[in-house]
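The values are calculated or read from the model by the stated rules, or taken from the named source; none is laboratory data. Keep in mind it's a predicted model, so treat the numbers as computed, not measured. Counting neighbours? That spans all protein chains shown, and the Cβs are built from the backbone with ideal geometry, glycine included. All accessible areas refer to the heavy atoms of the entire protein, side chains included, with ligands and DNA or RNA removed. Shrake-Rupley method; radii C 1.70, N 1.55, O 1.52, S 1.80 Å.
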Amino acid sequence: MKVTRTIIADVPQHLAAICKATGYICADLWRRYGALGTVGISPVAIRSEVVEKKLYDGLAIDGSIRAETTKDIINDILTYKAAAKLLVRRAIAKRTSDESERKRLYTLLKRDEWLSDPLLHRQMRKHFRHGKSSVANQFVVRSDKFATEVVNGNLIITIRIAKKYGNDVVLTTTTSGKNVDLTGSNLRIVVKDGFTEIHYATEKGAGRQCGDQELGIDKGYTEAFTDSDGEHHGVAFGKVMTEYSDKASATGKQRNKLHALEKKHREAGNIAKANRIRKNNLGRKKIDARRETAQKQLRTIAYQAAHSIVDKAAVVASEDLTAVIASKHQWKRFNRRMSAWAKGVLAEALDSVCEQRNARHTLVNGAYTSQMDSTNGLLEGKREGDKFYRVNGDVLQADHNAAVNVLARLDDREISRFTPYQEVRRILLARSPAQLSVMGLELGITLQPSADKSYAQLFRNS
């Protein structure tokens, strides 16, 4: 599988001019094609239109850098649209029970003809809002437009620039280049914080062998995951996230007061005072650095947790890890702390590690898995925090209970991944002991739970 690696280098003076020019291209392309501009048009057609109209020929920038950066930005826009379409597909699956109608909507969406259908148009307006970009610190270099050599123990990367646009760009890196293979790879040059990041793609070797179990997992807060064996993975995840989120919240409250003070002085005509407050107290360098540090820590914990799961499992079942928790008013702080990014990195880590180590990650329907009793597969009992209270008074660890229910969904023939939650509830309520007896009579067998077999397992095997 392909992965991205980073090399650190110095910042030659003429990089700023290139970044400024590509920043203009990025903002202009998002303005032109960030929404309806891409409907029914292929990436090649968009690039051809840019060339025919000579939109950026007047910029003092090498032609190959301009072309590669344009291609990269257009791919970003289309990726953004593809992500919106995925959300719309999920909405269709939830709203439409008729299989033929669902297929018709999927077809229109795939063909990029969603403007012709009111439902699709409405959903795409919701999820595919007009994008914009203010990025002006990076560009892409084609694989045949740079050369490498080692001088005094440091890898030197020379970016070839057409003579009419100036001299070649020479980047002195901090690596010796012994384990760096840039052959056939495009480079992304990113300038920030006084240094240059050089991103390149390389092939990652096969990972170590996966386990042989089937595991269900439930995302937690205190820890990243809990599996159906009751083991917790990534136990520091919640601590790091809470510490960052609470600091960010406190900082935001103080900044709101300073924003109000700045506005007060500006309205009173004290412009100099307002400008000093904005300049000295409302910057974002420390905030951005704190966020980046927290994200790196959380990503590391998430990948370590994913590896510890795949050490045990060849098949991993989970609900959609990026989904929000609805109607949980007591968990308002959870939804702030468990940001979309944090949930996304858990899903990314699990998918990436499973792919690398040849394990299978399967998404199942997560409806009511936290509210079911895993010992009998029935929709009874109550979850409070990290405890699940059974109707007989026994107490289970809530995340472990949910993970067992997720594993049971892996082979549940009645509940598919996109079964609406109302239908899931109806199915679960029908699975009472009385209903089991009726099913047993119909099948000519006796369906009774035992110490080592739950009602959920009986339904999986019946």
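A few comments on the model shown:
- Per-region count, region 266-296, residues under 34 Å from the mean Cα position of the chain (by Cα), among the aliphatic types (A, V, I, L, M) and part of a helix (DSSP H, G or I): 3
- Among the candidates 176, 228, residue that is within 28 Å of residue 297 (Cα to Cα) and surrounded by fewer than 20 Cβ atoms within 10 Å (Cβ to Cβ): 176
- Residues satisfying the criterion are present in region 189-202 (criterion: out of contact with any strand residue (DSSP E or B) (no Cβ under 9 Å at 6 or more places or on another chain), free of Cβ contacts under 8 Å to residues at least 24 places away in the same chain and over 17 Å from residue 62 (Cα atoms)).
- Residue within region 324-346 that is under 30 Å from residue 211 (Cβ atoms), modelled with pLDDT of 95 or more, in contact with a strand residue (DSSP E or B) (Cβ under 9 Å, 6 or more places away or on another chain) and not aliphatic (A, V, I, L, M) present: no
- Odd one out for residue 215, checked against (1) open to solvent by less than 40 Å² (accessible area, probe 1.4 Å); (2) not in a strand (DSSP E or B): (2)
- Residue count for region 149-169, restricted to those that are more than 15 Å from residue 67 (Cα to Cα), loosely packed, with under 15 Cβ neighbours inside 10 Å, in contact with a Ser or Thr (Cβ under 9 Å, 6 or more places away or on another chain) and in contact (Cβ under 8 Å) with a residue 24 or more places away in the chain: 1
- Residue within region 233-245 that is under 30 Å from residue 72 (Cα atoms), surrounded by 12 or more Cβ atoms within 10 Å (Cβ to Cβ), touching a residue at least 24 places away in the same chain (Cβ under 8 Å) and among the small types (Gly, Ala, Ser) present: no
- Answer from 178, 132 - the residue that is under 24 Å from the mean Cα position of the chain (by Cα), of a type outside the set (A, V, I, L, M) and outside any strand (DSSP E or B): 132
- Residues that are among the basic types (Lys, Arg), surrounded by 13 or more Cβ atoms within 10 Å (Cβ to Cβ) and under 28 Å from the mean Cα position of the chain (by Cα) are absent from region 13-30.
- Selection count, region 135-148, where residues are farther than 16 Å from residue 76 by Cα and either open to solvent by 50 Å² or more (accessible area, probe 1.4 Å) or part of a strand (DSSP E or B) (or both): 7
- For region 220-244, filtered to residues that are under 19 Å from the mean Cα position of the chain (by Cα) and assigned to a loop (DSSP other than H, G, I, E, B), the residue that is farthest from residue 312 (Cα to Cα) is 221.
- Annotation: residue 396 fulfils all but one of (1) in contact with a Ser or Thr (Cβ under 9 Å, 6 or more places away or on another chain); (2) open to solvent by less than 10 Å² (accessible area, probe 1.4 Å); the unmet one is (2).
- Residue 33 vs. criteria open to solvent by less than 20 Å² (accessible area, probe 1.4 Å), within 15 Å of residue 162 (Cβ to Cβ), of a type in the set (Phe, Trp, Tyr) and modelled with pLDDT under 95: no
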